[in-house]
Amino acid sequence: MAEYREVPIYDIPLRLQGKDDKVHKRPKPHIDAATYKSNYQASITKVDEFWGKLGRETIDWDVPFKTVRHGDFEKGDVAWFPEGQLNASYNCVDRWAYKCPDKTAIIWEADEPGQGKEITYKELLSEVSQVANALLDMGIRKGDAVIVYLPMIPEAAIALLACARIGAVHSVVFAGFSADSLRDRTVDCDARVVITTDEGKRGGRTIATKSIVDAALKECPKVEHCLVVKRTGSNVEWQEGRDKWWHEAAAAQRPYCPPVPVSSEDPLFILYTSGSTGKPKGVVHTTAGYLLGTALTVKHIFDVHEDDRFACMADVGWITGHSYIVYGPLMNGITTLIFESTPVYPTASRYWEVVARHKITQFYTAPTSIRLLRRLGEEHVQGHDLSSLRIIGTVGEPINPEAWDWYNENVGKKECAVVDTYWQTETGAHMIAPFPGATKTKPGAATVPFWGVELALLDPTSGQVLEGNEVEGVLAVKQPWPSMARTIKGDHQRFLDVYMKPYPGYYFTGDGAARDKDGYIWIKGRVDDVCNVSGHRIGTAEIESALIQHPGVSESAVVGVPDEVTGQSICAYVALKPSFSYDSEDALVKELVLQVRRNIGPFAAPKMILIVNDLPKTRSGKIMRRILRKIASNEADQLGDLSSLADPSVVEKLKGDWLKKA
Ligand code: 6R9
């Protein structure tokens, strides 16, 4: 039985029912309970009619589609609106530049409070066009990949839209990734252009973006051009012929670039994400279905109206930034915020200052930030005018009811809809989340499926569907939905193996979930070897392969353990080569941490490294991570069945080592 807790169920906040909207000027939500229900039914039973209508209403088409949906999970040939042609940049920028040219498209809140700027839709069209023309000048054409390695500056959104304008495929690499990770991704997607900055700024610190790119590009022979945004103006190394300043390249171009129509099923972007095995996967999203999913979830889960000012605090290097900073909000023609700093810079009031300064209507962040701010105390929230807020959301990991309550009370003042949104890089847009005007909420529950998302809980071993309420199993989806990923770059078989093969006929999420007595869905977290640290997805296999590159390491096993603030933290068990000698364990541990930081990026650094003689293995040689997880979670008294261990004495030794260290 599920271990979800008994929590109260909250009614829709009065102010969202449009009852006192004369005072607060709060628009009535688009969707009420009855509409949600009938739309949901239609979305999974009358697929062509329901999605055909929304497809026509939401997107401006250059060539209309005839077919709504084609293909199935098993073959992996899913296509939506296949005959249609459109341009993502036109849909996100031009439509609004003509309709409301002076409306703010992007608010940039720079690292230092009060710095930054606003960009109107009219200006956005010119800037996107100039960069698109500059890319054309560099020989980039439809279908070519462009790597974007940028911190949180407006140019990040502009770069994405410029690629989309000419049908180029962007692949953003989070600017916290190391040179090695950047190199691997650049090579994997055959990019010829990399876009970056001289340096980045975050939390008062400087990030040497360009020098990381320089190091990566030493081993990327195909890259011909590097377009560099000037952020700090520091001296950076320059490779004549390859490197070009963004502002110079853009200024040389005409501020209009005709958008290139692409097929609905042409790729819009590739985004690398971690899996349980092997190297990161280049998840491919196509154009029309993705835009439709992000546009509709912004409209309905965040209930946006024309004058809304939307703030998603994620980084554009993750899917949340793609869908809920750039594409989703701009598809709705609203104002979106790009935030360069951190929740605690210069003080723990930063988020709330941002909300008050820009009169933010929707605020979206990760549970890890909420837990951090909760720990620092509500005095940091008090005294800031948060009355503009209507919807406050979370994403990235399960939110514990205590953090949910804190968010609801201190930030939402119990008058906002709190939307816990469950989804994944592969799903493109929200899959499970409450509708502000339609769904009563429960702290900790992701609640109900979005339109088109037909969920199933499956028994993990038999794969049988678990019917009814009060059941727990693995979470799967029964039919294709528009914003789902279509393939893994260069490896369609892997796409099928990871998502479609485990439970034939279903898309497998990799998460466990429960359905409670009211039919609400609670996400329990990954059932595979993927860790979630502060909402960042990290495969344990990736960290293990980084550690093994250290000359002293013979073997390692990495596990995620519960962490009060970051959700999970990374613990690595490392066995050394017998021939390897070292002076100080502390120094060695530091070296190992550095190895991971260099190889993957600082965010993947283990919080704890334990040097051990042996790892617990089955007789067939599989490392028993379950045991390692228990020991690292201080639950060594609950190790369970140890009968398949090859050498049980290893476990006693490990327990002793752990106690000494912890
Ligand atoms: C959007 C994003 C996906 C994994 C996913 C799940 C976890 C995301 C969640 C959540 C519980 C939520 N996850 N949202 N778990 N409640 N509201 O985070 O994409 O980086 O690909 O991570 O994150 O485990 O499978 P991504």
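Each reported figure results from applying straightforward, stated rules to the coordinates on display, with no laboratory input. This structure is a prediction, so every number in the text was calculated from the model and none was measured. Heads up, the Cβs are rebuilt from the backbone with ideal geometry, glycines too, and the neighbour counts pull from every protein chain shown.
Computed values, structure above
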{"read-out": "Spread of Cα-to-Cα distances over 10 Å intervals beginning at zero, given as percent, for the stretch 479-574", "value": "13, 32, 35, 17, 3, 0"}
{"read-out": "Translational D in µm²/s for the stretch 84-196 (Stokes-Einstein at 37 °C, 0.692 mPa s, Kirkwood Rh from C-alpha pairs)", "value": "221"}
{"read-out": "The stretch 163-176 - phi-based ³J(HN,Hα) in whole Hz, Karplus 6.51/-1.76/1.60, Gly and Pro as x", "value": "4, 4, 4, 9, x, 6, 9, 8, 9, 7, 10, 3, 6, x"}
{"read-out": "Residue-count net charge about Met431 - beta-carbon cut-off 11 Å; Lys, Arg +1, Asp, Glu -1", "value": "-3"}
{"read-out": "Three-way shape label, the stretch 358-468, alpha-carbon gyration tensor, a/c 1.5", "value": "prolate"}
{"read-out": "Cα gyration tensor shape of the chain, rounded if a/c is under 1.5, else prolate or oblate by comparing a/b with b/c", "value": "rounded"}
{"read-out": "Ordering of 651-660, 283-292 by packing [mean C-beta count within 10 Å, highest first]", "value": "283-292, 651-660"}
{"read-out": "The stretch 309-402 - charge dipole about Cα centre, Lys and Arg +1 at Cβ, Asp and Glu -1, debye rounded to 20", "value": "160"}
{"read-out": "Cβ crowding within 10 Å averaged over residues, with 206-216, 123-133 ranked highest first", "value": "123-133, 206-216"}
{"read-out": "Calculated FRET value between Arg254 and Ala42, using beta carbons and R₀ = 56 Å, to 0.05", "value": "0.80"}
{"read-out": "Length gained when the stretch Asp491-Lys413 is fully extended (0.36 nm per residue, less Cα-Cα span)", "value": "23.3 nm"}
{"read-out": "About the Cα centre, charge dipole magnitude for the chain (Lys/Arg +1, Asp/Glu -1 at Cβ), debye", "value": "400"}
{"read-out": "In Hz, Karplus ³J(HN,Hα) per residue of the stretch 66-73 (6.51, -1.76, 1.60; θ = phi - 60°; x = Gly, Pro)", "value": "10, 8, 8, 10, 9, x, 8, 4"}
{"read-out": "Ordering of 152-163, 69-80 by burial proxy (mean other Cβ atoms within 10 Å per residue, highest first)", "value": "152-163, 69-80"}
{"read-out": "Amide H partners (placed H, <5 Å) of Gly167, local residues excluded", "value": "Val260"}
{"read-out": "Cut-off 14 Å between beta-carbons: net charge of the residues surrounding Arg205, Lys and Arg +1, Asp and Glu -1", "value": "-1"}
{"read-out": "Pairwise label distance in nanometres, Lys607 with Asp102, each label 7 Å out on the Cα-Cβ vector", "value": "5.1"}
{"read-out": "Rounded FRET efficiency, nearest 0.05, which uses the C-beta distance separating Ala33 from Glu306 and R0 of 22 Å", "value": "0.40"}
{"read-out": "FRET efficiency, 1/(1 + (r/R0)^6) with R0 35 Å, evaluated for Glu118 and Asn235 via beta carbons", "value": "0.75"}
{"read-out": "Helical contribution to [θ] at 222 nm, DSSP H n ≥ 4, -39,500 (n - 2.57), averaged over the chain, rounded to 500", "value": "-7500 deg cm²/dmol"}
{"read-out": "Unit charges on C-beta of K, R, D, E only; dipole of the stretch 87-147, Debye", "value": "400"}
{"read-out": "Other-chain or far-sequence residues with amide H under 5 Å of Val553's (modelled H)", "value": "Lys577"}
{"read-out": "Distance violations [Cα-Cα > 28 Å] among Lys442/Lys489; Lys222/Lys501; Lys279/Lys501; Lys122/Lys244", "value": "Lys442/Lys489; Lys222/Lys501"}
{"read-out": "Estimated vicinal HN-Hα couplings, Hz - the stretch 220-235 in sequence order (Karplus 6.51, -1.76, 1.60; Gly, Pro = x)", "value": "10, x, 7, 6, 9, 9, 10, 9, 10, 7, 8, 9, 10, x, 5, 6"}
{"read-out": "Set of lysines with alpha-carbon distance to Lys655 below 20 Å, sequence-local pairs under 8 removed", "value": "Lys607, Lys617, Lys622, Lys630"}
{"read-out": "Long-range HN-HN contacts of Gly116 with modeled amide H, under 5 Å", "value": "Ala110"}
{"read-out": "Rounded, prolate or oblate (a/c below 1.5 giving rounded, otherwise prolate when a/b exceeds b/c) for the stretch 571-640 by Cα gyration tensor", "value": "prolate"}
{"read-out": "Radius 13 Å from Cβ of Ser43, net charge of other residues (Lys, Arg +1; Asp, Glu -1)", "value": "+2"}
{"read-out": "Rough spin-label spacing in nm, given labels placed 7 Å along Cα→Cβ, for Gln464 and Ser211", "value": "6.1"}
